[in-house]
Protein chains: 2
Amino acid sequence: MNTFGQHISQQFNAELEDVRQRVMAMGGLVEQQIADAVTALIDGRSDLAAEVEQGDVKVNTFEVHIDEECSRILARRQPTASDLRLVVAVIKTITDLERIGDEAERIARMASSLAKEEPPRAAFHEIENLGHHVRRMVGEALDAFARMDSRAALAVAEEDAKVDREYESIMRQCMTFMMEDPRTVKRVLDIMWAVRALERIGDHSRNIAEYVIYFVEGKDVRHISVEQMARELEKSR
Amino acid sequence: MNTFGQHISQQFNAELEDVRQRVMAMGGLVEQQIADAVTALIDGRSDLAAEVEQGDVKVNTFEVHIDEECSRILARRQPTASDLRLVVAVIKTITDLERIGDEAERIARMASSLAKEEPPRAAFHEIENLGHHVRRMVGEALDAFARMDSRAALAVAEEDAKVDREYESIMRQCMTFMMEDPRTVKRVLDIMWAVRALERIGDHSRNIAEYVIYFVEGKDVRHISVEQMARELEKSR
């Protein structure tokens, strides 16, 4: 490669690295939003809930800016092969991160609404655990993204099934709570919407993990079971 | 432009047109999935619900293929300006169409579960209306996409607020139903999850409308109010 080519390529690498850094920063912010939203819900802290609701603007701004940067790179650098896959993976990843941010905002709204009255403490301990669990999943999906590690990404996808089971168990507890005391219906429903949002965060983390596998292996592993996914990765050893 | 250039460009146009056609076909399928899922729910038809659940595989296949085609176009044609914006808009649009498909599948699952027993007819008439409404929204978002009409896209975004109001009203009715007869809690909850899925379809239609505006105007109008969106479009008259 001639010096000019090297120069271009160094600049291009710096641009790609910058985009990756921004995705990680966006991810870090989103993780914090989840943690704060769950704390607001569990501890009945409407001040923290309000912070999360305001913080969503920052998440959105990240998305718009990273998207612009990706379009600029596509237009000016016309990347191919793995560079192109990286840009496409970023475009998709930030959409899911932004929607995780929306789910955190939803949880915060429910927390605000519940903080006004005595919330029925239906399954609060389990909800706190689920909150930690999905936050960790987001973190692990981002780590897999940062290191472009398809094994780590597979582990995230596997984790999603556990989240779904925890979710089902909490939902059953909430239902029993409502049936035993119908006066709690409205408030328990708020809790259920928040729990549903946590479950969705698990789904979005799995999506991000799938984009990592797409990037690393060049294989589209969406819409297949985790077992099939594991076999696909095994083949490419 | 020389003959060779023209030849390339004609082929390229044909490829872009093919992608657009496929998005429309995917959209048509998704619209049908919504209609069938709602009918299955309202009429208690588990056969139709099963069809919708099976049909989701076709929706997913569309997404994977269109995605591959877009990556191929980005790598081989290295599009710029409005061609690039079109490809990016397509990549984002099919993600939302696929998730609308997932919501239709969720509604079908609830329909299956409800068909097994006498469903409480909580707000069924309103749910049917909401179903028609969001299906129309998806259709209008796709029309706006096909004609790349930012005015029509704005109308879709405006419609979303109406969907949200209908959703709130149905939710209140369901809550009253549960409180009056706690034995219905589990079944009314199934209905509420289905209604929530319809509301989400409205959100996804709005997202698609926003990509159309991004394509036509070159402006990112996500995360702003419909009023701001209308002003942005006014400026570019």
Single residue of A:ALA146, A:ALA123, A:ALA152 found to be crowded, with 21+ Cβ neighbours inside 10 Å and away from chain B (no Cβ under 14 Å): A:ALA123
Tally, over region B:139-188, of residues that are over 30 Å from B:VAL90 (Cβ atoms) and aliphatic (A, V, I, L, M): 7
Condition check for B:GLU180: over 21 Å from the mean Cα position of the chain (by Cα), without any contact (Cβ under 8 Å) to a residue 40 or more places away in the chain and open to solvent by 30 Å² or more (accessible area, probe 1.4 Å): yes
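Residue-wise test of (1) part of a helix (DSSP H, G or I); (2) β-branched (Val, Ile, Thr); (3) over 21 Å from B:THR80 (Cβ atoms); (4) under 16 Å from the mean Cα position of the chain (by Cα).
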{"site": "A:PHE12", "(1), (2), (3), (4)": "yes, no, no, no"}
{"site": "A:THR39", "(1), (2), (3), (4)": "yes, yes, yes, no"}
{"site": "A:GLY55", "(1), (2), (3), (4)": "yes, no, yes, yes"}
{"site": "A:ARG72", "(1), (2), (3), (4)": "yes, no, no, no"}
For A:ASP220: the one exception among (1) in contact with a Phe, Trp or Tyr (Cβ under 6 Å, 6 or more places away or on another chain); (2) open to solvent by 20 Å² or more (accessible area, probe 1.4 Å); (3) touching a residue at least 40 places away in the same chain (Cβ under 8 Å): (3)
Options A:ALA89, A:ALA37: the member that is of a type in the set (Gly, Ala, Ser), open to solvent by less than 10 Å² (accessible area, probe 1.4 Å), more than 30 Å from A:ASN129 (Cβ to Cβ) and touching a residue at least 40 places away in the same chain (Cβ under 8 Å): A:ALA89
Cβ pairs under 8 Å, 6+ apart, first in region B:103-128 and of a type in the set (Lys, Arg), second open to solvent by 10 Å² or more (accessible area, probe 1.4 Å): B:ARG106/B:TRP193; B:ARG109/B:GLU53; B:LYS116/B:SER46
Tally, over region A:127-156, of residues that are under 12 Å from the mean Cα position of the chain (by Cα) and closer than 19 Å to A:SER225 by Cβ: 3
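Filtering region A:73-82 down to residues that are on the phi < 0 side of the Ramachandran plot and at the interface with another protein chain (Cβ under 10 Å from one of its Cβ atoms), which residue is surrounded by the fewest Cβ atoms within 10 Å (Cβ to Cβ)? Don't jump to the end; show me each part of the working.
Taking region A:73-82 as the starting set, the residues that turn out to be on the phi < 0 side of the Ramachandran plot are A:73-77, A:79-80, A:82.
From what is left, the residues that are at the interface with another protein chain (Cβ under 10 Å from one of its Cβ atoms) are A:74-77, A:79-80.
Details: A:LEU74: 23, A:ALA75: 16, A:ARG76: 11, A:ARG77: 18, A:PRO79: 20, A:THR80: 13.
The residue in question is A:ARG76.
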Count - residues of region B:160-173 that are open to solvent by less than 40 Å² (accessible area, probe 1.4 Å) and either at pLDDT below 95 or not hydrophobic (A, V, I, L, M, F, W, C) (or both): 2
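Let's see how each residue does on (1) within 18 Å of B:VAL88 (Cβ to Cβ); (2) away from every other protein chain (no Cβ under 11 Å); (3) among the hydroxyl-bearing types (Ser, Thr, Tyr):
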site: B:ASN207; (1), (2), (3): yes, no, no
site: B:PHE215; (1), (2), (3): yes, yes, no
site: B:ARG222; (1), (2), (3): yes, no, no
site: B:GLU227; (1), (2), (3): no, yes, no
Test for A:LEU198: is it under 17 Å from A:LEU41 (Cα atoms) and more than 9 Å from chain B (Cβ to nearest Cβ): yes
Of all residues making up region A:183-199, the number that are within 22 Å of A:LEU142 (Cα to Cα) and surrounded by fewer than 17 Cβ atoms within 10 Å (Cβ to Cβ): 0
Matching option when the condition is of a type outside the set (A, V, I, L, M), facing chain B (nearest Cβ under 9 Å), in a helix (DSSP H, G or I) and open to solvent by less than 10 Å² (accessible area, probe 1.4 Å), among A:GLU68, A:GLU63, A:GLU103, A:GLU98: A:GLU63
Filter result (of a type in the set (Gly, Ala, Ser) and either closer than 18 Å to A:ASP190 by Cα or not in a helix (DSSP H, G or I) (or both)) within region A:117-168: A:ALA122, A:ALA123, A:GLY131
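The values are calculated or read from the model by the stated rules, or taken from the named source; none is laboratory data. Remember, it's a predicted structure, so these values are computed and weren't measured experimentally. Positions of Cβ are generated from backbone atoms using ideal geometry, with glycine treated the same way; all protein chains shown enter the neighbour counts. These area figures cover heavy atoms from the full protein model, side chains too; ligands, DNA and RNA do not enter into them. Shrake-Rupley method; radii C 1.70, N 1.55, O 1.52, S 1.80 Å.
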